[in-house]
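Participant: Have a look at this one before I ask anything.
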Amino acid sequence: MTPLPCVLLVDDDATTNFLNRSLLTRLGVAERIVVAEDGEQALAELRQHCSPPTPGCPALILLDVNMPGMNGIEFLEEYQHLELAAQPAIVIVMLTSSLHPRDVQRVAQLGIVADFISKPLTAEKVGTLLQAYFPPAPAP
């Protein structure tokens with residue numbers, strides 16, 4: 001698989017970010033892995049690298065729901081209003097330990113999240129995610 005140009009991890013837990021970054025690096029998933037500790041930092045990263053798109057614009061965002069400051073749902077609400085040329089191509093996946101039905105319903109209403117994955121992130125979950133949303137190009 002060709003590595004994605006960039007993956008954005010959005011989670012307030014430093015240990016989770018360290019483990020997820022280590023896993024994605026070991027699997028060779030992305031050329032660049034960026035960490036944001038809340039929704040505000042993630043939005044700033046997107047504004048900086050995705051308007052206009054640069055190689056730093058993430059192809060994949062792994063987003064936690066429960067964070068202090070701007071949480072995952074508030075991030076999604078703001079994300080909808082960003083004017084990003086790359087926005088339709090960015091895959092957002094909720095990576096969370098909170099799959100509360102209320103959260104799932106609210107996120108589904110927004111209609112911009114591709115999937116939900118429960119923590120912890122594993123090589124198997126990453127593989128499934130990549131196959132579903134970033135399939136290899138067919139051989140000529």
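The values are calculated or read from the model by the stated rules, or taken from the named source; none is laboratory data. These numbers were taken from a predicted model, which means no experiment stands behind them. In this analysis, Cβ positions are derived from the backbone assuming ideal geometry, glycine residues included, and neighbour counts consider all displayed protein chains.
Participant: What's the total number of residues in region 74-124 that are among the hydrophobic types (A, V, I, L, M, F, W, C) and within 15 Å of A36 (Cβ to Cβ)? Can you show your working first?
Facilitator: Taking region 74-124 and keeping what is among the hydrophobic types (A, V, I, L, M, F, W, C), we get 75-76, 82, 84-86, 89-95, 99, 104, 107-108, 110, 112-114, 116-117, 121, 123.
With the extra rule that they be within 15 Å of A36 (Cβ to Cβ), the set shrinks to 75-76, 82, 90, 92-95.
Qualifying residue count, region 74-124: 8.
Participant: Listed residues S51, S97; which is without any contact (Cβ under 8 Å) to a residue 60 or more places away in the chain, surrounded by fewer than 20 Cβ atoms within 10 Å (Cβ to Cβ) and within 18 Å of L19 (Cα to Cα)?
Facilitator: Every option except S97 fails the conditions.
Participant: Which of the residues that make up region 60-78 are closer than 23 Å to R21 by Cα and of a type outside the set (A, V, I, L, M, F, W, C)?
Facilitator: First, the residues of region 60-78 that are closer than 23 Å to R21 by Cα: 60-73, 75-76.
Correct list: D64, N66, P68, G69, N71, G72.
Participant: Right, here's the next one. Any idea how many residues of region 1-49 are among the hydrophobic types (A, V, I, L, M, F, W, C) and under 21 Å from N71 (Cα atoms)?
Facilitator: Here the count works out to 15.
Participant: Continuing with this model, one more query. I'd like to know if region 47-60 contains one or more residues that are over 19 Å from Y133 (Cβ atoms) and hydrophobic (A, V, I, L, M, F, W, C).
Facilitator: Checked region 47-60: no residue is over 19 Å from Y133 (Cβ atoms) and hydrophobic (A, V, I, L, M, F, W, C).
Participant: If you scan region 61-90, which residues turn out to be part of a helix (DSSP H, G or I) and modelled with pLDDT of 90 or more? If you could, list the steps in order and put the result at the bottom.
Facilitator: Taking region 61-90 as the starting set, the residues that turn out to be part of a helix (DSSP H, G or I) are 72-79, 87-89.
The answer is G72, I73, E74, F75, L76, E77, E78, Y79.
Participant: Next up: Where the second residue is of a type in the set (D, E, K, R) and outside any helix (DSSP H, G or I) and the first is farther than 21 Å from A14 by Cα and lies in region 114-136, which pairs have Cβ atoms under 8 Å and are six or more apart or on separate chains?
Facilitator: L129/D115; A132/D115; Y133/D115
Participant: Do you know which of the residues in region 102-111 that are loosely packed, with under 14 Cβ neighbours inside 10 Å and aliphatic (A, V, I, L, M) is modelled with the lowest pLDDT? Break it down into steps so the answer makes sense when it comes.
Facilitator: Residues of region 102-111 that are loosely packed, with under 14 Cβ neighbours inside 10 Å, as a first pass: 102, 105, 108-111.
Now restrict to residues that are aliphatic (A, V, I, L, M): 108, 110.
Working: A108: 84, L110: 87.
Per the stated criteria, the residue is A108.
Here's the yes/no breakdown for (1) touching a residue at least 40 places away in the same chain (Cβ under 8 Å); (2) among the acidic types (D, E); (3) within 16 Å of I117 (Cα to Cα):
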| position | (1), (2), (3) |
| --- | --- |
| L4 | yes, no, no |
| D13 | yes, yes, no |
| F18 | no, no, no |
| L62 | yes, no, yes |
| G72 | yes, no, yes |
| I90 | yes, no, no |
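Participant: Looking only at residues in region 8-52 that are among the β-branched types (V, I, T) and assigned to a strand (DSSP E or B), which one is nearest to the chain's Cα centre (by Cα)? Spell out the reasoning first.
Facilitator: Applying the first criterion (among the β-branched types (V, I, T)) to region 8-52 yields 10, 15-16, 25, 29, 33-35.
So of that shortlist, the ones also assigned to a strand (DSSP E or B) come out as 10, 33-35.
Working: V10: 7, I33: 10, V34: 10, V35: 10 Å.
Among them, the one singled out is V10.
Participant: Still on this structure, please answer the following. Does L76 count as surrounded by 16 or more Cβ atoms within 10 Å (Cβ to Cβ), among the aliphatic types (A, V, I, L, M) and in contact with a strand residue (DSSP E or B) (Cβ under 7 Å, 6 or more places away or on another chain)?
Facilitator: Considered against the rule, which asks whether it is surrounded by 16 or more Cβ atoms within 10 Å (Cβ to Cβ), among the aliphatic types (A, V, I, L, M) and in contact with a strand residue (DSSP E or B) (Cβ under 7 Å, 6 or more places away or on another chain), L76 comes out as no.
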